Amino acid sequence: MTANPLSPPLFDDQGKSVMARISPEDVGRYVILSVHDPLGYEKDVAEVIGSYMTDARLIADTHMFVTYTGTYHDVPITVCSTGSGAPETEIALVEFFRFSQADTFIRAGTSGTYLEEIDVGDLVIASGAVRDEGTSAAYVVPTYPAIANHEVMLALAEAAEALGIRYHVGITRSTDSCQAGQGRPVLDYLQEDSARIPEYWRKVGIKNFERETSIIYVLCSLFGFRAGAINAVVNSTPKGNLEVGAGSDAVFRTVLEGIRTLAAWDAIKERTGRSFLLPSMLNET
């Protein structure tokens, strides 16, 4: 590819991370991405998730991104809290792509639902995502799918089952707007196409809606990384219910147990020399 002489400078300082200020020696193989979210957490979410781990330590705080690394049952895990939406998530992801050896990225956060059968406090594991945010379109055409890595998705489901936590697996819708773009009126203003959003996505069975999953799935697929997402439902359109903090403990326990399971599966693959997980591999020692 021919270099573009008008290409803007990269976000680094003499080859070091500027936006997140991370370095390879400080980052685990498995990275949790979560949003500074008043719908879910009173403290910084990276600090909160770090409290579930052993010896979690702050490795970087740039005000935009706060990053902790610790261990969970001897598995090194890094958690990074970001601002809301695809644009900030893109910045964080690219920093980890460039300045760490991590290969697995999992979103853990909050969401809403248009479905009657999903309750506030339930978890949704995203098998894929509708790309209704604009950031991923800068990378690839909208017909390119946003899909989870199968191993990550299965590990999260396995963890939820083992913990006895109510969960659903299906497609998430990621948007830029969390107001009119999700069907909410603003000062009594709501265009007809926005008013139709909840019913449209309810009819096609979208499990939940949020703002970050699709950019994570697209970028990880494009650049050869594994991705997953698990989000608590904190608001329900059909039930008219909003519960701040609903399901947050369940999300944190499930994502950490899911990573623990995934690490065990990765060890099997490394020991057997296989690159693809099959159910039969889980019984191998």
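The values are calculated or read from the model by the stated rules, or taken from the named source; none is laboratory data. Not measured: the values here are computed from a predicted model. Cβ coordinates were reconstructed from backbone atoms using ideal geometry, including for glycine residues, and neighbour counts include every protein chain displayed.
Tallying residues that are closer than 23 Å to ASP132 by Cα, hydrophobic (A, V, I, L, M, F, W, C) and in contact with a strand residue (DSSP E or B) (Cβ under 6 Å, 6 or more places away or on another chain) within segment 153-179 yields 3. No other residue among GLU151, GLU161 is more than 19 Å from ALA86 (Cβ to Cβ), within 16 Å of the chain's Cα centre (by Cα) and either in a loop (DSSP other than H, G, I, E, B) or of a type in the set (Asp, Glu) (or both) apart from GLU151.
The sole residue among GLU116, GLU133, GLU210 that is under 19 Å from VAL251 (Cβ atoms) and in contact (Cβ under 8 Å) with a residue 40 or more places away in the chain is GLU210. Applying the selection to segment 227-283, what residues are in contact (Cβ under 8 Å) with a residue 40 or more places away in the chain, charged (D, E, K, R) and under 30 Å from GLU116 (Cβ atoms)? Matches in segment 227-283: LYS239, GLU243, ARG253, GLU257.
Among the residues here, GLU158 qualifies as touching a helix residue (DSSP H, G or I) at 6+ places or on another chain (Cβ under 9 Å), more than 28 Å from GLU42 (Cβ to Cβ), modelled with pLDDT of 95 or more and not small (Gly, Ala, Ser).
For segment 220-248, how many residues are within 12 Å of the chain's Cα centre (by Cα) and either aliphatic (A, V, I, L, M) or more than 22 Å from ALA92 (Cβ to Cβ) (or both)? I'd like the intermediate steps shown before the answer.
Residues of segment 220-248 within 12 Å of the chain's Cα centre (by Cα): 220, 226-232.
Applying the additional criterion that residues be either aliphatic (A, V, I, L, M) or more than 22 Å from ALA92 (Cβ to Cβ) (or both) yields 227, 229-230, 232.
Qualifying residue count, segment 220-248: 4.
Taken over segment 68-80, residues that are in contact (Cβ under 8 Å) with a residue 60 or more places away in the chain and either surrounded by 24 or more Cβ atoms within 10 Å (Cβ to Cβ) or among the small types (Gly, Ala, Ser) (or both) amount to 2. Within segment 32-141, which strands (runs of 3 or more DSSP E) (wholly inside it) include 3 or more residues that are under 21 Å from GLN179 (Cβ atoms)? Result: 104-113, 123-132. Looking only at residues of segment 81-121 that are surrounded by 24 or more Cβ atoms within 10 Å (Cβ to Cβ) and among the charged types (D, E, K, R), we find that the one that is farthest from LEU156 (Cα to Cα) is GLU95.
Out of the residues in segment 249-279 that are hydroxyl-bearing (Ser, Thr, Tyr) and surrounded by 14 or more Cβ atoms within 10 Å (Cβ to Cβ), state the one that is nearest to the chain's Cα centre (by Cα). Reasoning before the result, please.
Here is the first cut: in segment 249-279, the residues hydroxyl-bearing (Ser, Thr, Tyr) are 254, 261, 272, 275.
Imposing the further condition that a residue be surrounded by 14 or more Cβ atoms within 10 Å (Cβ to Cβ) reduces the set to 254, 261.
Values: THR254: 13, THR261: 17 Å.
Ranking the candidates gives THR254 first.
Please enumerate the residues belonging to segment 63-75 that are over 18 Å from the mean Cα position of the chain (by Cα) and at pLDDT 95 or above. Walk me through it before giving the result.
Going through segment 63-75, the residues over 18 Å from the mean Cα position of the chain (by Cα) turn out to be 63, 70-75.
Of everything in segment 63-75, those that are over 18 Å from the mean Cα position of the chain (by Cα) and at pLDDT 95 or above turn out to be GLY70, THR71, TYR72, HIS73, ASP74, VAL75.
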